[in-house]
Amino acid sequence: AQSVAQPEDQVNVAEGNPLTVKCTYSVSGNPYLFWYVQYPNRGLQFLLKYITGDNLVKGSYGFEAEFNKSQTSFHLKKPSALVSDSALYFCAVRDPQGYSTLTFGKGTMLLVSP
Amino acid sequence: NAGVTQTPKFQVLKTGQSMTLQCAQDMNHNSMYWYRQDPGMGLRLIYYSASEGTTDKGEVPNGYNVSRLNKREFSLRLESAAPSQTSVYFCASSEDRGQQFFGPGTRLTVL
């Protein structure tokens, strides 16, 4: 069975500094990987995905993620954090051999201070 | 283009009451999903539907039933609500192998 781990419940960063939100996964075969963001009292919004190809994936709002097959990781990054980036971030994986259901991590709260 | 819509936004039930959560999408997606979100648990899949007329259990189906009424609509029913079903419920839809699009959620409290 596939699984996702987000080892940090919360990440704190100052505005203007780079940010990283960590994600590791376990799945048989080559994974499909996703990042979603959730603002307070809202549904999840898609940020970016990795299916195949370039290991560095660029997404919405200046976010990017790096796929590392040997470390089974898919960390979310942004060169310069904004206060408005403060939100709950979810990593998710889909088994490419199975149906399109996603397995989500438990989420990481990102707090960007002014 | 409204995307994925859910009703109601909020609901309070007493233990043993029943209710149906409604979900509709206007993106002509084949696949639809119901999740629950609990603090520290992430999102957990309750049921999903690969196409009109088909439904399958997810990770936490006990206490729930679903109906894929047509391609647009996918409802979630609680026959006899329990306090453990207090949660935020999200509906989502996707093309068969694409990203999922989420609704705004229903916040349910069972007393």
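The values are calculated or read from the model by the stated rules, or taken from the named source; none is laboratory data. All figures in this text were calculated on a predicted structure; none of them were measured in a lab. Heads up, the Cβs are rebuilt from the backbone with ideal geometry, glycines too, and the neighbour counts pull from every protein chain shown. Please note that ligands, DNA and RNA were not included when accessible areas were found on the heavy atoms of the full protein model with its side chains. Shrake-Rupley method; radii C 1.70, N 1.55, O 1.52, S 1.80 Å.
Tabulated results
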quantity	calculated
Pair B:S84, B:M27: separation of 7 Å Cα→Cβ label points (nm)	3.2
In the range A:21-114, trypsin sites (Lys or Arg not before Pro) in a DSSP loop with at most 15 other beta-carbon atoms within 10 Å	A:R42, A:K69
Solvent-accessible surface (1.4 angstrom probe) belonging to B:T109, in square angstrom, nearest 10	50
Hull-based mean projected area of the range B:53-111, where the convex hull spans the alpha carbons, in square nanometres	4.7
Cα centroid of the range A:70-98 to Cα centroid of the range B:1-67, whole Å	24
Per-q log10 I(q)/I(0), the range A:22-114, q = 0.11, 0.25 Å⁻¹ (Debye; single scatterer per alpha-carbon; no solvent)	-0.30, -1.41
Relative intensity, log₁₀ I(q)/I(0), of chain B from a Debye sum that treats every alpha carbon as a point, q = 0.15 Å⁻¹	-0.57
Over the protein assembly as shown - Rg/Rh using Cα atoms and the Kirkwood inverse-distance radius	0.97
Interatomic Cα distance distribution for the range B:1-42, bins of 10 angstrom, percent	19, 43, 32, 6
Pairwise label distance in nanometres, B:K57 with B:Q17, each label 7 Å out on the Cα-Cβ vector	2.8
Average Cα contact separation per residue, the range A:1-101, under 8 Å, 6 or more apart, as relative contact order %	36
Order by protection proxy (mean Cβ within 10 Å, highest first), peptides B:32-43, B:75-86	B:32-43, B:75-86
Fraction of accessible area attributable to carbon and sulfur, the protein assembly as shown (%, probe 1.4 Å)	49
For residues of A:100-108, the mean tally of beta carbons on other chains within 10 Å	6
